[in-house]
Amino acid sequence: KTGVTLVSMETAGMWQQVGFLADAFAQFKKHGLSIDLVSTSEMNVTVSLDPAANALEQETLTALVADLSGLCQARIIGPCASVSLVGRNVRSVLPRLGPVLEVFEDKKIHLLSQAASDLNLSFVVDEGQAERLVRRLHELLFSDGAEDPRLGPTWKELEAGPAPSPPPGRTAWWRAERNALLALCEERSPRYVYHGASLDLAVEDLRRIEAVDRFFFAVKANYHPGVLKRFHDSGLGFECVSPGELDHVFGLFPGLDPQRVLFTPNFAPRSEYELALSRGVHVTVDNLHPLEAWPELFENREILLRLDPGQGRGHHAHVKTAGARSKFGISWDQLDSLTGLIERAGARIEGLHAHTGSGIRTSHNWRETALYLAEAAERFPGASILDLGGGLGVVERPGQRALDLDAVNESLALFREAYPRFSLWLEPGRFLVARAGALLARVTQIKHKGDRTFVGVETGMNSLIRPALYGAWHQIVNLTRLDEPPTQVADIVGPICESGDVLGNSRRIAPAQEGDVLLVATGGAYGYAMSSRYNLREPAEEVLL
Ligand code: LLP
C-alpha cells in the first residue's frame, strides 16, 4: 500500500502517564483522521494514516502537528509504503525473515506491526524501498514454488506488460540442439555443455555498450580453454584474480599483450603482486596494507586502486562486494591516507576501480559507480581509466526483466560527455557465459515420500553449487521428454550426502524415468568453475559445442 503517512509522537512524559494515548488520539479524531497501524515504546508512539481512509491535505497534517505539540514532539514521516504479509499464523514466518531484513540494515524500517489476530504482519518503509522489500519477501517465501501454477506474474508485472522478449537468435539454444545434446550424453554424462554461437552472441550484445572502451572477461566465471580462446579471438581482455588464472591465460595465449590482462586480487600475499607486476599486467590494489608494508614494490609503477562505493548490489548477500561490511575496496574516509602512501611509494595511479556486486539487472548501477569514481579521481589527476567492474546480470527465471543494455550504454554515454577525461572499462563474467552453458545429468532414481517427489540425478552440488550456496534458480527441463507436458512437480536432487544437495525445488517437469537426461540451464557461469570433488564424486566434464 503506497501513499502511507506516519505520525511519530515523542515525549518522555508519556511514560507511565495515564491517558496519553487518549489525549493524543483525540486530536486525530478532531481532524477526522483514521489511524491504521500503531507501534509504541516508552517514549514514542508512531501511527500510520491509511490514504484509503483519509483525504490527507497538507493543512490537516500541519494543524494536527500543531495540536499535538502541546502533548509531545510530533513529526510527519512520508511518503511511505506498508508491505503486509497476510495469512493464518503469519508470525510463524518471523524466524525466516532475517535475510530479508538484512537488506534493510542501511535503510529504515519505520514501523513493524503484527496484527493481534496473527493474520497480518506489516512493515512500513520509505515508498522507494517497498518494491525491493516485496521482491525479497517473494524470493524468500515463495521461490520454492516458483513454478506453482497458482503463482502467476505480479500485479505490477501484468500492468507493465510482458517482459521484453529476447531478440531472435537469443532464445534458448538447447532447444534447437536437443538431439546433439542427447547424443553427447549417450557417450558420457554428466556433462557441462557450452554453445559456441551463444558465446559469440553474448560478446556481440556486450559490444552494444559502445560507451565502454575495453572489456575484460572475468576468468573466474568460466576458464574452459575453448571458451577463453573464443573471447581472446574476439578481442576481449582478461580479468584474473590469482596467479593460477594468470598462468592459465598466458599458458593458453603465450603472445598475449600483458596490457590486455588485469590482476584484481583480494588479500593476496606480497609475492602475488610481485609476480603480476613482473608480468607487466594491470594491477589493482584494494587496501592500504600493500602500500604501507611493501611500498618498494610499487615505486615508479602504474597501478589501479579499487575503491568501495559504499553501496553493494547483487543477487545474494554473498556476492555484494561493496559497503561497510564487505572485505573489498578502500573506503572514502581512507582516501587522505591513501594519497600520502602513494606519494611515499612513488607509485602512479593509472585508474580507479570499483565492483559493486554480481547479478545486477539495474541499468544505472555502472553510471553510479562511474560518478563515484570520477569524484574520487579529483584526488588522482593522473588517473585516466575508470574500471566499473563486472556484475551484469542475465535473466534466469521467467518474469524477470532483462538488463537493459541500451539504457546502460545511454547512461554511460552521458557520463562520458560530462567527463571526457576518462576511458571506461568493464570486466563482466556471468553475462558472457551464463546463458551459453547447461548442465546435463541422467536421472538415477525417483522417490515418493509424504507429499514430495524427489527426482535424483547423477550429479548435484559437486557440479553446480549455486542453488545450495545462494538459493540460485536455474531452469530445469526433462530434455529426453521435451515435447511432453510438464505434469510432474518434484525436487531435483543430486547424490551428495547433504540435504542441501538440491538443483531445484518444486520443479514442474515432464514425468521423469530412470535414464532420462535433465538439463539445468544458465549453467555456463560459476558452474564448473565452482565445482568440487566432494564425496569423491567427479564433477561433470565440460565440452564446447
Ligand atoms: N570483477 C570483480 C572484481 C569481481 O569480483 C567479479 C566477480 C567480476 C568482475 C565478475 O562478476 P560477474 O560479471 O560475473 O557478475 N559465484 C557467484 C558470483 C561471484 C562473483 C565474484 N566476483 C555466483 O555464482 O553467482
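Here are some notes:
- Working from Cα pairs under 8 Å separated by at least six residues, relative contact order for the chain is 13 percent.
- Global geometry of region 181-271, whether rounded, prolate or oblate, following the gyration tensor of its Cα atoms and the 1.5 cut on a/c: oblate
- Prolate/oblate/rounded label for region 169-222 (Cα gyration tensor, a/c 1.5): oblate
- Leading residue at positive end of dipole, the chain (Cβ point charges), from Val47, Leu373, Ala512: Ala512
- Computed from Cα atoms, the angle from the helix 405-418 axis to the main principal axis of the chain rounds to 80 degrees.
- FRET E, pair Cys497, Phe267, Förster distance 30 Å, beta-carbon r, rounded to 0.05: 0.45
- Neighbour-count order for Phe454, Phe217, Phe250, Phe431, fewest beta carbons within 10 angstrom listed first: Phe454, Phe250, Phe431, Phe217
- Average 1/r across all pairs of distinct alpha carbons in region 26-94, invert it, and you get the Kirkwood radius: 13.9 Å.
- Rounded tilt (10° steps) of 270-279 against the dominant C-alpha axis of the chain: 50
- Only lysines eight or more places from Lys327 in sequence, or on another chain, were considered; those with a Cα closer than 26 Å are Lys107, Lys108, Lys220.
- The charge dipole of the chain, taken about its Cα centre with unit charges on the Cβ atoms of Lys, Arg (+1), Asp and Glu (-1) only, comes to about 980 debye.
- Counting only DSSP H runs of at least 4 residues, each contributing -39500 (n - 2.57), and dividing by the residue count of the chain, the helix-based mean residue ellipticity at 222 nm comes to -8000 deg cm²/dmol.
- Cβ-derived FRET efficiency at R0 45 Å, Asp233 paired with Lys327, nearest 0.05: 0.80
- Cα centroid separation, region 221-251 to region 300-334: 24 Å.
- Paramagnetic reach from Ser337 in region 269-296 [backbone N under 17 Å; point 7 Å along Cα→Cβ]: 285-295
- Normalised contact order of region 384-475, rounded percent, pairs of Cα under 8 Å and 6 or more residues apart: 31
- Neighbour counts of other Cβ atoms within 10 Å put Lys229, Lys449 in the fewest-to-most order Lys449, Lys229.
- Distance in nm between pseudo-label sites at Lys30 and Glu131 (7 Å out along the Cβ direction from Cα): 4.1
- Only Lys, Arg, Asp and Glu carry charge here, each on its Cβ (+1 for the first two, -1 for the last two); on that basis region 1-92 has a dipole of about 340 debye about its Cα centre.
- In the chain, the C-alpha radius of gyration followed by the widest Cα-Cα span (Dmax) gives 27.2, 83 angstrom.
- Relative contact order (percent, whole number), region 19-80, Cα cutoff 8 Å, 6+ residue spacing: 29
- Using the Cβ-Cβ distance between Ala63 and Leu288 with R0 set to 56 Å, the FRET efficiency works out to roughly 0.55.
- Region 226-319, dipole about Cα centre (Lys/Arg Cβ +1, Asp/Glu Cβ -1), debye to the nearest 20: 360
- Counting only DSSP beta bridges with both residues in the chain, the antiparallel share comes to about 60 percent.
- The angle between the Cα long axis of helix 178-187 and the main principal axis of the chain comes to about 60°, on a 0 to 90 degree scale.
All of the numbers you see were taken from the coordinates with simple rules; none came from a lab. Keep in mind it's a predicted model, so treat the numbers as computed, not measured. Positions of Cβ are backbone-derived with ideal geometry, glycine not excepted, and every protein chain shown enters the neighbour counts.
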